[in-house]
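A.B. asks: Just passing along the structure, written as structure tokens.
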Amino acid sequence: MSPAKTASNTEDYLRMYRQMVRIRTFEDNANQLYLSAKMPGLTHMYSGEEAVAVGICEALKITDKITSTHRGHGHCVAKGAAFKEMFCELLGKEEGYCRGKGGSMHIADQSNGNLGANAIVGGSMGIATGSAFTAKLLGKDDVTVCFFGDGATAQGLMYEVMNMAALWKLPVIYACENNGYSEYTRTDEIAAGSITARAEAFGIEAHQVDGQDVLAVNELTEQLVARARKGEGPFFMELMTYRYHGHHVGDINREYYRSKEEEKDWKENRDPITRFRSWLVEQGIATEDEIEALNDAVRKDAEAAVTYALEARYPDESEVDMHVFTDVKHALA
């Protein structure tokens, strides 16, 4: 782990640990809902990547914006989303963030600056860049972080928006979560050359950081966010991380593209939560008993939220065309 800043950061450290545990616990429960056939559709687990979302979002204000991906539960939780509304959304209930109509891959939480998850690979890059452009036009010091996976570096939109952001010095940070795989293909088989070099080609300052070290991620993000607020953006981050599950919850037999030994190594030796927990104990910030109590509280919170969501109401059928532009006449009509 990165070195401690000061003893006064104890509350920040414990909050970051709790947020990572909340993400892992949410994903464990979401996976069980899928396996028990209680959740419609697919979902994509964020387990293993918690330090990325938490390290970044802890450096942001509520008014700062993020855009997310199809593997977005971690981003949502890290930016302030509540368990109850998230589980309701996954289960299609009316109390979900999008009244149950977005599901796993389209959760948005405007109250916390989350502009939404996106099922299109790289699809939110334009939204994030537009958000940063808006902040600059309005004279606000808000920063936008665009989360995307290594597979999205093959999307043309990425290069269009980075060019615009660089020309206009927009307050946006492009955060590439490099988990080693683009769906079922190794990153080095789909991404030619260096990923950070792609941003540097536009004159954008780029950094690579250990995505399993929440303190390293947070320290770098705080520096870049502060500079972006002063008009020194944009910036690019490549965060080296790993997803424990398959591409989606149905991707179970995945030995044809990665080995069980590789998965075991990451889980046992590089887990971001285990590493941070050990560091907290070593630094005397928390005892094992205190951490277990925190973990237990999060588990109970999640269980209560799942129970609530399972019993919650579905949207009324009269809402079928709500939030749809039904009153707009078609140009060819």
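A.B. asks: Excluding ligands, DNA and RNA, what is the solvent-accessible area per residue of region 1-128 at a probe of 1.4 Å, expressed in Å²?
C.D. replies: 34 Å²
A.B. asks: Per residue, how much accessible area does region 234-333 have with a 1.4 Å probe, in Å²?
C.D. replies: Here the per-residue accessible area is 64 Å².
A.B. asks: Would you mind calculating the gained length between Glu94 and Lys300 on full extension (0.36 nm times residue separation, minus the Cα-Cα distance), in nm to one decimal? Walk me through the intermediate numbers first.
C.D. replies: Working: separation 206, 0.36 × 206 = 74.16 nm, distance 2.29 nm.
71.9 nm is the gain from fully extending Glu94 to Lys300.
A.B. asks: Next question, about the same structure. How large is Rg over Rh for region 83-135, taking Rg from the Cα atoms and Rh as the Kirkwood inverse mean of 1/r across Cα pairs? Could you put the intermediate results ahead of the total?
C.D. replies: Details: Rg = 12.0 Å, Rh = 11.6 Å.
Ratio of gyration radius to Kirkwood radius for region 83-135: 1.04.
A.B. asks: If R₀ is 25 angstrom, what is the calculated FRET efficiency for the pair Tyr314 and Asn31, using the beta carbon separation as r and rounding to 0.05?
C.D. replies: Details: r = 22 Å, r/R0 = 0.89.
The pair Tyr314/Asn31 has a calculated efficiency of 0.65.
A.B. asks: With the cut-off at 1.5 for a/c, could you classify region 95-234 from its C-alpha gyration tensor as rounded, prolate or oblate?
C.D. replies: Working: a/c = 1.44, a/b = 1.02, b/c = 1.42.
It is rounded, given that a/c, with a ≥ b ≥ c, falls under 1.5.
A.B. asks: Another one. So which chymotrypsin sites (Phe, Trp or Tyr not before Pro) in region 100-195 are both in a DSSP loop and have at most 15 other Cβ atoms within 10 Å of their Cβ? It would help to have the intermediate numbers written out before the result.
C.D. replies: Numbers: sites: Phe133, Phe147, Phe148, Tyr159, Trp168, Tyr174, Tyr181, Tyr184; in loops: Tyr184.
Passing sites in region 100-195 are Tyr184.
A.B. asks: Give the Debye-formula value of log10 I(q)/I(0) at each listed q (0.10, 0.12, 0.16, 0.17 Å⁻¹), with one equal scatterer per alpha carbon of region 156-236, two decimals each.
C.D. replies: Evaluating at q = 0.10, 0.12, 0.16, 0.17 Å⁻¹ gives log10 I(q)/I(0) of -0.26, -0.38, -0.66, -0.74.
A.B. asks: For region 228-333, give the percent of accessible area contributed by carbon and sulfur heavy atoms, probe 1.4 Å, rounded to a whole number. Can you show the working numbers first?
C.D. replies: Details: 3430 of 6760 Å².
Carbon and sulfur atoms account for 51 percent of the accessible area of region 228-333.
A.B. asks: Classify region 8-133 as rounded, prolate or oblate from the Cα gyration tensor: take a ≥ b ≥ c as the square roots of its eigenvalues, call it rounded if a/c is under 1.5, otherwise prolate when a/b beats b/c and oblate if not.
C.D. replies: On the way: a/c = 1.75, a/b = 1.17, b/c = 1.50.
It is oblate, given that a/c is not under 1.5 and a/b is not larger than b/c.
A.B. asks: Continuing with this model, one more query. For a 32 Å ceiling on Cα separation, which of these pairs sit above it: Lys169/Lys260; Lys61/Lys264; Lys79/Lys230; Lys61/Lys84; Lys93/Lys329; Lys84/Lys230?
C.D. replies: On the way: Lys169/Lys260 44 Å; Lys61/Lys264 36 Å; Lys79/Lys230 22 Å; Lys61/Lys84 22 Å; Lys93/Lys329 30 Å; Lys84/Lys230 37 Å.
Over 32 Å apart, Cα to Cα: Lys169/Lys260; Lys61/Lys264; Lys84/Lys230.
A.B. asks: Could you tell me what fraction of 2.2 N^0.38 Å the Cα radius of gyration of the chain comes to, as a two-decimal ratio? Please list the in-between numbers first.
C.D. replies: Values: Rg = 19.8 Å, N = 333, 2.2 N^0.38 = 20.0 Å.
My calculation over the Cα atoms of the chain gives 0.99.
A.B. asks: While we're on this one: At what distance in nm do the modelled label points of Asn9 and Asn163 sit from each other, each positioned 7 Å from its Cα along Cα→Cβ?
C.D. replies: 3.9 nm
A.B. asks: Moving on to the next point. State which stretch of the chain is the longest one without any exposed GluC sites (Glu not before Pro), exposure meaning a DSSP loop state and at most 16 other Cβ atoms within 10 Å.
C.D. replies: Longest stretch, sites excluded: 1-93.
A.B. asks: Starting from the eigenvalues of the Cα gyration tensor, five times each then square-rooted, give me the equivalent ellipsoid semi-axes of region 180-291, largest first, whole Å.
C.D. replies: Values: eigenvalues 152, 135, 19 Å².
Working through the eigenvalues yields semi-axes of 28, 26, 10 Å.
A.B. asks: So, one more: Classify region 227-285: rounded, prolate or oblate, from the alpha-carbon gyration tensor (a ≥ b ≥ c, eigenvalue square roots; a/c under 1.5 rounded; otherwise prolate if a/b is larger than b/c)?
C.D. replies: Values: a/c = 3.29, a/b = 1.33, b/c = 2.48.
Verdict is oblate for region 227-285.
A.B. asks: Sticking with the crude label model, points 7 Å out along Cα→Cβ, report the distance from Lys38 to Gln208 in nm, one decimal please.
C.D. replies: 4.3 nm
A.B. asks: With θ set to phi - 60° and the Karplus curve 6.51 cos²θ - 1.76 cosθ + 1.60, what are the ³J(HN,Hα) couplings of region 34-40 in order, to the nearest whole Hz, using x for Gly and Pro?
C.D. replies: Karplus-based 3J(HN,Hα) across region 34-40 equals 5, 4, 8, 6, 9, 10, x Hz.
A.B. asks: When the chain is fully extended, how far beyond the present Cα-Cα distance does Glu268 get from Glu189, taking 0.36 nm per residue of separation?
C.D. replies: On the way: separation 79, 0.36 × 79 = 28.44 nm, distance 2.60 nm.
Working it through step by step, the gained length comes to 25.8 nm.
A.B. asks: Starting from the Cα-Cα distance between His323 and Glu288, subtract it from 0.36 nm times their residue separation and give me the gain in nm to one decimal.
C.D. replies: Working: separation 35, 0.36 × 35 = 12.60 nm, distance 4.81 nm.
Between His323 and Glu288, full extension yields an extra 7.8 nm.
A.B. asks: What's the magnitude of the charge dipole for region 202-299 around its Cα centre, counting Lys and Arg as +1 and Asp and Glu as -1 at the beta-carbon? Answer in Debye, nearest 20.
C.D. replies: Working: 13 positive and 21 negative charges, 89 e Å.
Around 420 debye, computed over region 202-299.
A.B. asks: Scan around His207 for amide H atoms under 5 Å from its own, H built in the peptide plane at 1.01 Å from N, and keep only partners 5 or more places away or cross-chain.
C.D. replies: Phe236, Met237, Glu238
A.B. asks: If I model a spin label at Gln110 and Ala154 as a point 7 Å from the Cα along the Cα→Cβ vector, what separation in nanometres do I get?
C.D. replies: 3.5 nm
The values are calculated or read from the model by the stated rules, or taken from the named source; none is laboratory data. Predicted model only: the values in this text are computed from it and were never measured. Note that each Cβ is placed from the backbone with ideal geometry, even for glycine, and that neighbours are counted across all protein chains shown. Please note that ligands, DNA and RNA were not included when accessible areas were found on the heavy atoms of the full protein model with its side chains. Shrake-Rupley method; radii C 1.70, N 1.55, O 1.52, S 1.80 Å.
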